[in-house]
Amino acid sequence: MSRYKIKKPKNNVLILLIAVCVVLIFLIFYIQGKTVDLQRLLMRKTQSDETKTEQVKEPEPMPYTATLRIVITAGDGAVYRNQVTVYGDKGMTVSSENGEETLEANVDYPFSEDKVVRLSAPEGGQLFLRDDAKTNGYEGVLELQPTKSGVAVVNEINMEHYLKRVVPSEMPHTYGKEALKAQAVCARTYAYAHSNSYAYPELKGQMDDTVSFQVYNNGQETQETNQAVAETAGQILMCDKKVLDAMYYSTSCGYTQDGSLFGGSLSNAVFPCEYIGTDEKKVEFDTYIRNSDDNAYESNERYFRWKANVKETDITSAITAIQGLQKEKGAVVCNAKTKKILADSKKIQKRMTKLCNIEVLERNPGGAVTKIKLDFDGESILINEQLHIRQVLGSITGSLTLQDGELMTEVSTLPSAAFSVEKQGDGFLLYGGGFGHGVGMSQNGAKALAGMGYAYGDILNFFYKKTEIVTI
């Protein structure tokens, strides 16, 4: 008989132990299940994030094309019109989702649809806009698009036909055969470089017809310009097997500006700062721009040197221009207090009544001003980028005198950013030179080189380094 006697547990304790065990078992299964659910949720979230990442990826660039879509602006530069009426000198075909109809020559088609309509002329015919001040018609197709802002007009046209209206709009036919051929190659290259993206995505328009891209259909076709287009058919400039963004402009100040003028998007190796002339004078730019330069190829051009009178008072236009530029990233730099003042017209009238000083802070190697400080009687503001500077100072330019004596009293933008500043009386005198941004080919420089016997390929090599002419 055992010394120890085991007591039987009471019934309620036994039941409690069994219950605890059951709860633990269920808890284990529950936790395992939640872990699986959590894993599945995390997997779904990861997959969702990956999908979102894929969705926000930049779209693949469009392929280059020789079929262009040019947004046709109205006379005031507006993209949208209240109404549009079109006629064809040899008739036209009107196409929409409802079908087609043919109109006879010179019969008006007043657009009043709520859907896209495409108008095309027969071979040899042209389409004309009744509200267009231009006397030229349009080849190809005119596409009319109704939008909330009004009617947009897009000209769909073949590259070579487009160039027949760009070259005479950008360069006078008297500039010489080789200069015109250089212009044709530049214009074709520029258009081709911009053909793989939409500047107007909502209209599927790659460019418009203004100086923002290339002036189109503003000049009459001539035998000389058409010959230049035909003799260079399909030719573009390429660098390292890439299509060149062939920037060009009207007149230099004696120097080209390098690619850094556009924030480094253009290679300085292709677009260097160079003197355009013989026997360069090595002087400070302030001294250079205040005097003529007989050794520069463009010294006789009227915009080679100019003087602008900037007003000290009546700075309303400058303030308006600065306010408009605030939406452009980095264009206007000032402290928080000045930003508040710019947003309050009453504070502007008290704190910014006159322009006290203009200080050049930075220049491109070719002399173009890239940063200025404007000191008003109460606040200081920095303006960056050559075009912004030209717009702000141009808005308060009372008169502009060209080197041939021509006086211009209606100025909105300075001809170029290559200038020096001098305080004079109740305002400022800007000594400037050139017309345009100054990067790439100077059109008047091309004219001068053509006159010296340069072939168009040599002219292009002069302005665009390390490039080759390729036929597409």
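The values are calculated or read from the model by the stated rules, or taken from the named source; none is laboratory data. Keep in mind the model is a prediction, meaning the values are calculated, not measured. Here Cβ is always computed from backbone atoms with ideal geometry, including for glycine, and neighbour counts include all displayed protein chains. For the accessible areas, the whole protein counts, side chains as well, though only heavy atoms, and no ligand, DNA or RNA atoms are used. Shrake-Rupley method; radii C 1.70, N 1.55, O 1.52, S 1.80 Å.
Calculated FRET efficiency, residue 328 and residue 177, Cβ-Cβ r, R0 56 Å, to nearest 0.05?
After rounding to 0.05, the efficiency reads 0.85.
With a cut-off of 20 Å, note down the residues of the range 83-112 whose backbone N falls inside the zone around a label point 7 Å from the Cα of residue 65 toward its beta carbon.
Within reach of a label on residue 65: 95-97.
What translational D, rounded to a whole number of µm²/s, comes out for the range 144-202 from Stokes-Einstein when the hydrodynamic radius is the Kirkwood one over Cα pairs, at 20 °C and 1.002 mPa s?
Working: Rh = 13.4 Å.
D = 160 µm²/s.
Suppose all protein chains stay in the model; what accessible area per residue would a 1.4 Å probe give for the range 257-309, in Å²?
Accessible area per residue: 51 Å².
Residue-wise, which Karplus ³J(HN,Hα) couplings in Hz belong to the range 138-149, taking 6.51 cos²θ - 1.76 cosθ + 1.60, θ = phi - 60°, and x for glycine or proline?
Values per residue, Gly and Pro as x: 10, 8, x, 10, 9, 9, 9, 10, x, 9, 5, 8 Hz.
Ignoring ligands, DNA and RNA, please state the percent of accessible area on the range 101-255 from carbon and sulfur, probe 1.4 Å.
Ligands and nucleic acids excluded, carbon and sulfur reach 47 percent.
Across the range 303-311, in residue order, what do the Karplus-derived ³J(HN,Hα) couplings come to in whole Hz, using 6.51 cos²θ - 1.76 cosθ + 1.60 with θ = phi - 60° and x for Gly and Pro?
8, 4, 9, 8, 10, 10, 9, 9, 7
So what's the range 199-302 giving for Cα Rg divided by 2.2 N^0.38 Å, two decimals?
Normalised Rg, Cα atoms only: 1.38.
Figure the gain on full extension for residue 105 and residue 335 (residue separation times 0.36 nm, minus the Cα-Cα span) and round it to one decimal in nm.
76.6 nm
Separation of the range 72-106 and the range 315-391 by C-alpha centroid, Å?
Using only Cα atoms to place each centre, the spacing works out to 43 Å.
To the nearest 0.05, how large is the calculated FRET efficiency for residue 357 and residue 458 if R₀ is 60 Å and r is the Cβ-Cβ distance? Write out the running numbers ahead of the final one.
Values: r = 45 Å, r/R0 = 0.76.
According to the calculation, E is roughly 0.85.
Based on Cα coordinates alone, diagonalise the gyration tensor for the range 236-275, multiply each eigenvalue by 5, take square roots, and list the semi-axes in whole Å, largest first.
Equivalent ellipsoid of the range 236-275: 19, 12, 9 Å, largest first.
State to the nearest 20 debye the size of the charge dipole of the range 250-380 about its Cα centre, where the only charges are +1 on K and R beta carbons and -1 on D and E beta carbons. Could the numbers behind the result be given before it?
Working: 20 positive and 19 negative charges, 212 e Å.
For the range 250-380, the charge dipole is close to 1020 debye.
Enumerate the amide H contacts of residue 363 below 5 Å, restricted to partners 5 or more residues apart or on another chain; note that Pro and chain-start residues carry no placed amide H.
For residue 363, the qualifying residues are 370.
Treating the beta-carbon of each Lys and Arg as +1 and of each Asp and Glu as -1, no other charges, what is the dipole magnitude of the chain about its Cα centre, to the nearest 20 debye? Write out the running numbers ahead of the final one.
Working: 52 positive and 59 negative charges, 878 e Å.
My answer is approximately 4220 debye.
Given the Cα-Cα distance of residue 377 and residue 202 and 0.36 nm per residue of separation, how much length would full extension add, in nm?
Value of the extension gain: 58.6 nm.
For the pairs 311/371; 350/423; 241/282; 164/327; 204/466, flag any whose C-alpha to C-alpha distance is greater than 31 Å.
Long pairs (Cα-Cα over 31 Å): 241/282; 164/327; 204/466.
Provide the per residue accessible area, probe 1.4 Å, for the range 313-472, rounded to a whole number of square angstrom. Mind showing how you got there, number by number?
Details: 7180 Å² over 160 residues.
About 45 Å² of surface per residue is accessible.
Using DSSP H assignments, which helices in the chain have an axial alpha-carbon span of 27 Å or above and a mean Kyte-Doolittle hydropathy of 0.0 or higher?
11-55
Average the reciprocal distances over every distinct pair of alpha-carbons in the chain, invert the result, and give the Kirkwood radius in Å. Let's see the in-between values first.
Numbers: mean 1/r = 0.0374 Å⁻¹.
About 26.8 Å, per the Kirkwood formula over Cα pairs.
Given R₀ = 56 Å, what would the calculated FRET efficiency be for residue 95 paired with residue 468, taking r from the Cβ atoms and rounding to 0.05?
0.85
Applying a 10 Å radius around every beta-carbon, put 68-81, 240-253 in order of their mean neighbour count, most first.
For the peptides 68-81, 240-253, the packing ranking is 240-253, 68-81.
Given a 1.4 angstrom probe, what's the average accessible area per residue across the range 86-140, in square angstrom?
On a per-residue basis, the range 86-140 sits at 56 Å².
Under 8 Å for C-alpha pairs, at least 6 residues apart: give me the relative contact order for the chain, rounded to a whole percent.
Contact order relative to length: 15 percent.
What whole number of Å gives the distance from the Cα centroid of the range 265-291 to the Cα centroid of the range 186-241?
Cα centroid of the range 186-241 versus Cα centroid of the range 265-291: 28 Å apart.
Quick check: residue separation of residue 406 and residue 76 times 0.36 nm, minus the Cα distance between them. What number comes out in nm?
Gain on extension, residue 406 to residue 76, equals 116.3 nm.
If you wrap the range 320-450's Cα atoms in a convex hull and average its projection over all directions, what's the area in nm²? Spell out each step's value before the answer.
Details: hull surface 36.9 nm².
Mean orientational projected area (the range 320-450, Cα hull): 9.2 nm².
Quick one: what are the phi-derived ³J(HN,Hα) couplings along the range 432-440, Karplus 6.51/-1.76/1.60 with θ = phi - 60°, whole Hz, x for glycine and proline?
Taking θ as phi minus 60°, the curve returns x, x, x, 9, x, 6, x, 9, x Hz for the range 432-440.
Could you look at the range 275-392 and say what percent of its accessible area is carbon and sulfur, using a 1.4 Å probe and all protein chains?
44
Using just the helices of the chain, give the 222 nm mean residue ellipticity in deg cm²/dmol: DSSP H runs with n ≥ 4 each add -39,500 (n - 2.57), and the total is spread over all residues, rounded to 500.
Calculated at 222 nm, the ellipticity per residue is -9000 deg cm²/dmol.
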